[in-house]
Every structure is written in C-alpha cells, then in structure tokens.
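Laboratory data are not the source of any read-out in this text; all were calculated from the coordinates shown. If you're wondering where the values come from, they're calculated on a predicted model, not measured in any experiment. Using ideal geometry, Cβ is built from the backbone for each residue, glycine included, and neighbour counts are taken over all protein chains shown.
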Amino acid sequence: MIEWIAAFLLIAGSLFMLVAAIGVVKLSDVYMRMHAITKAASLGAILMLAAVSIIYVQWIVWIEAMMVVLFVIFTAPIASHMIAKAAHKGGNPKGPGYIMDELEEKDANKFEKEE
C-alpha cells in the first residue's frame with residue numbers, strides 16, 4: 001500500500017513539474033513564466049520529497065526532506081519577487097491582458113514628490 005501512495009505522489013509531482021516546464025515554454029512574458037515555475041515546480045518538488053520520505057522510513061531522510069521542503073517554501077516566493085522587480089526595472093514588455101501596473105504608478109508618484 002505504501003508503494004502505491006509513493007507512486008501516486010511521484011506521478012503527481014512529475015506532472016506538476018511537466019506543467020511548470022510547459023508553462024515556461026508556452027507562456028507569453030516573464031511574469032507569467034515566473035508564476036508557472038514558482039508555483040508548479042515547488043509543488044512538484046514537495047510531492048516528490050513526500051514520496052521519498054514515505055518510501056525510506058529513516059529519520060535522517062525525513063529531516064533532509066523536510067529541510068529541502070522548507071528551503072523551497074522560503075526561497076521560491078523571494079526569488080519570484082526579485083525576478084519580477086528586476087524584470088520591471090529592466091523594462092521587459094508585458095503580455096496581453098495587463099490592465100494596470102501598480103509599481104509603475106508608485107514610481108511615477110515618487111518622482112512627482114521629488115520635483
């Protein structure tokens with residue numbers, strides 16, 4: 001039974017990783033690509049680590065898997081935020097469908113106050 005659960009988690013994790021890879025290739029701009037890789041790949045990695053920790057019932061494997069999961073949970077949003085700010089400051093074009101840009105409005109207000 002444990003093998004079936006682990007197999008399901010591995011398959012689900014690999015499908016999320018596949019969705020992330022397809023999203024990076026198919027989505028139109030850096031912001032959408034960043035969202036795909038951050039969310040789907042993080043969930044895929046966590047599911048795969050859960051499968052590994054179920055298969056290998058040793059406390060050291062659980063600790064290592066938990067450390068990697070915590071690392072992914074803490075670093076993925078920060079990295080995503082930094083990539084988005086760098087892309088915005090670099091002037092990367094936005095894809096179709098963007099209605100407003102709050103960061104651009106904030107920058108414009110800052111320059112008005114300085115003058």
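Please report the spacing between the Cα centers of the range 1-21 and the range 39-98 in Å, no decimals.
Centre-to-centre (Cα) distance: 16 Å.
Taking H placed 1.01 Å from N in the peptide plane, check which residues at least 5 places from LEU27 or on another chain put their amide H under 5 Å from its amide H.
Amide H neighbours of LEU27: none.
Sort 58-66, 11-19 for me by packing, meaning the mean count of neighbouring Cβ atoms within 10 Å per residue, highest on top.
On the way: 58-66: 12.3, 11-19: 16.0.
Going by the mean number of other Cβ atoms within 10 Å, highest first, we get 11-19, 58-66.
Suppose R0 equals 22 Å; then what is the FRET efficiency for ILE5 and ASP29 from their Cβ-Cβ distance, rounded to the nearest 0.05? Write down the numbers at each step before the final one.
Working: r = 38 Å, r/R0 = 1.73.
That gives a FRET efficiency of 0.05.
Take the Cα of ILE83, step 7 Å along the line toward its Cβ, and report every residue of the range 12-30 whose backbone nitrogen sits under 13 Å from that point.
Once the point is set 7 Å along Cα→Cβ of ILE83, 20-30 turn out to lie under 13 Å by backbone N, inside the range 12-30.
Kindly put TYR31, TYR56 in sequence by how many other C-beta atoms sit within 10 Å of each C-beta, fewest to most.
Details: TYR31 17, TYR56 13.
Ascending number of Cβ neighbours within 10 Å: TYR56, TYR31.
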